[in-house]
Each structure stands twice: as C-alpha cells, then as structure tokens.
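One structure is given below, encoded as structure tokens.
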Amino acid sequence: MEHSRAQIVATLGPASKDKDVIEQMMQHQMDVVRLNFSWGTYDEHAGYINAVREVAQKLGRKIPIIQDLSGPRLQEEKGHHIDISARDLITAKDIRDLNFGLEHEVDYIAMSYVGTADDVAELRRLIREAGKSTPIISKVERQKAIDNIDSIIDASDAIMIARGDMGNEVPLEKIPLVEKEIIMKCKAAGKPVITATQMFLSMVENPEPSRAEITDVFFAISNGSDAVMLSEETSKGKYPVEAVTFMEKATLEAEHLYKLKVNPL
C-alpha cells in the first residue's frame, strides 16, 4: 500500500487514549504523536506515551512523540491566547512539564509563543542542563515570531506554523501568505515544517471533512509542508481514525501531483 512521504501528526486525548484506537490511527498512517500539555495530568500523558510505544513496537513502527509546552497561556470562554503580562516565556509549569517529558524520553519539545531566537536558546539551555539533547520545534504563532522568522528557523530543529493563535495577531486574510512564506524559508534552510491548526476542524463532529478543509491540506502539502497536524480532531473529536484516514488521502493526492522533497521529523 502506498503511503504519503509527508507525515501526519495527530494529537492524543480522551478520544484517542485507547490502544485499539491508537493502533487504528497508526494503521491509517499516523506518523507522529503530539501531546498537548495545556491539558491533562501526568498520569494521563504517561498513559499515552506507554500506549504509543507499545502499539508502535507491535506494528514494527517508529512513532516520534512531540511534547507541546503550553507557555504563558490564558484560557478564555472563546479560546486562548498569550498572557502578555507574563514575565517569562517559559513558565514554572513549563519547566515541570519539560522535566516530565525529558524523563519519559519524548522525541521533540514544541515551544509555544516563540518570539526570538533567544527564546529557543533558553529552552535548549534547560534541555542541556537536564543532560538531554532533545530537538526543539518552534511554534510560530505571533507577529513577533514572523518578524524574526529567519533567526528562529536557524535556531530551531523544526518549525510549526500554529495558525490558531496566529489568527489573534495576524489578519486572517494574510495567514495563507505567511504560511507559504514560512514553508519556503524552512525548505531553503532544510528544516522540517509542520502546518497546523483547524485543518479538519469540522471532523470534531462530522465523519468527513469539508471540501474547503480538503483543499487546505492539499495546498499545505503542495506548498511544501513536511507534516500536517490534527489537534481537536483526534484528541476530543468523534472520528479520530477517520480524520487520520482522510488526512492521508488528501496528502497522497497532493503528492501525486507535486513531487516535493520531504524533511521528516
């Protein structure tokens, strides 16, 4: 069976915690797992990690695990955004979470609300102090990060285009252009780039994506994304396996037309 070269990242949560669901997601080409540390307990995250590794071993696959640190995040009724009053980008909670992730040998650390290359350097220092060399994925979701994108790409091991929070600072109509420009810069630098957020959002409730969502994934791949990510769709949605399945179909279709070099995670 043909599989996409670009990777599919799926976020685990209550909807996808069971091993049989995780196994089905892997069989339908989930390539990478994301754990969102804005939610859940350490016991829950340890359960996800253990389940992923057990199922991956059973299927003879290597499934990298991304730990996504929450950063100075403010939750509100209609969503969340950065706490602009926070003194530090890496919070006390992030440091506790980081230590947990490093102890459990996660494969990547994703850093929220990156603004400059110095932010990435500070996280790398903490990782090295813990005796690890875990790669860093910088989440680009602020105008400040877009302004400093070249140095952030240089300082990072991979980039995530986090379009959700980006929409709080960047006019929505400009996001497609920003996405394309960041992908082009990452490709030129040889750094993996993940396009994320709301790709199949309608699948939280529906068994198939909208036509517009399929088009979004198609163009994310044709523009050169090395990976595309599912968030709520697989963590709390009603159809996590179907979301991965449709993501693989859309990705493959784009790759049939655009033979692009992929930098896997």
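Just so it is clear, none of the values below were taken in a lab; they were calculated from the coordinates. Values in this document were obtained by computation on a predicted structure and should not be read as measured data. Every residue, glycine as well, gets a Cβ built from its backbone with ideal geometry; the counts of neighbours run over all protein chains shown.
Over the alpha-carbon set of the chain, divide Rg by the Kirkwood Rh and report the Rg/Rh ratio to two decimals. Write out the running numbers ahead of the final one.
Values: Rg = 17.1 Å, Rh = 18.4 Å.
With Rg and the Kirkwood Rh in hand, the quotient comes to 0.93.
Rounded to the nearest 500, what is the 222 nm mean residue ellipticity of the chain from helices alone, with -39500 (n - 2.57) per DSSP H run of 4+ residues and division by all residues? Spell out each step's value before the answer.
Details: 11 runs with 120 residues, N = 265.
Rounded to the nearest 500, it is -13500 deg cm²/dmol.
Would you mind putting 100-107, 123-130, 72-79, 218-225 in packing order, based on average other-beta-carbon counts within 10 Å, highest first? If you can, show how the numbers build up before the last one.
Working: 100-107: 17.2, 123-130: 15.4, 72-79: 11.1, 218-225: 21.9.
The peptides rank, most packed first, as 218-225, 100-107, 123-130, 72-79.
Can you give the local net charge around Ala6? Use residues other than it whose beta-carbon is closer than 10 angstrom to its beta-carbon, Lys and Arg +1, Asp and Glu -1.
-3
In what sequence, highest mean first, do 205-211, 65-71, 145-151 appear when ranked by Cβ atoms within 10 angstrom? Show your work: numbers first, answer last.
On the way: 205-211: 13.7, 65-71: 23.0, 145-151: 16.6.
Peptide ranking by packing, descending: 65-71, 145-151, 205-211.
Could you list the square roots of 5 times each eigenvalue of the Cα gyration tensor of segment 72-224, that is, the equivalent ellipsoid semi-axes, sorted largest first and rounded to whole Å? Each step should come with its number before you reach the end.
On the way: eigenvalues 136, 68, 53 Å².
Working through the eigenvalues yields semi-axes of 26, 18, 16 Å.
Using a 10 Å cut-off on Cβ atoms, rank the peptides 254-261, 108-115 from the highest mean neighbour count down.
Working: 254-261: 13.2, 108-115: 25.0.
Ranked by mean Cβ neighbours within 10 Å, highest first: 108-115, 254-261.
With 19 Å as the limit, write out which pairs from Lys19/Lys236; Lys180/Lys259; Lys58/Lys236; Lys191/Lys261; Lys174/Lys259; Lys174/Lys249 have Cα-Cα distances beyond it, or answer none. Could you put the intermediate results ahead of the total?
On the way: Lys19/Lys236 15 Å; Lys180/Lys259 17 Å; Lys58/Lys236 25 Å; Lys191/Lys261 11 Å; Lys174/Lys259 26 Å; Lys174/Lys249 27 Å.
Table pairs above 19 Å Cα-Cα are Lys58/Lys236; Lys174/Lys259; Lys174/Lys249.
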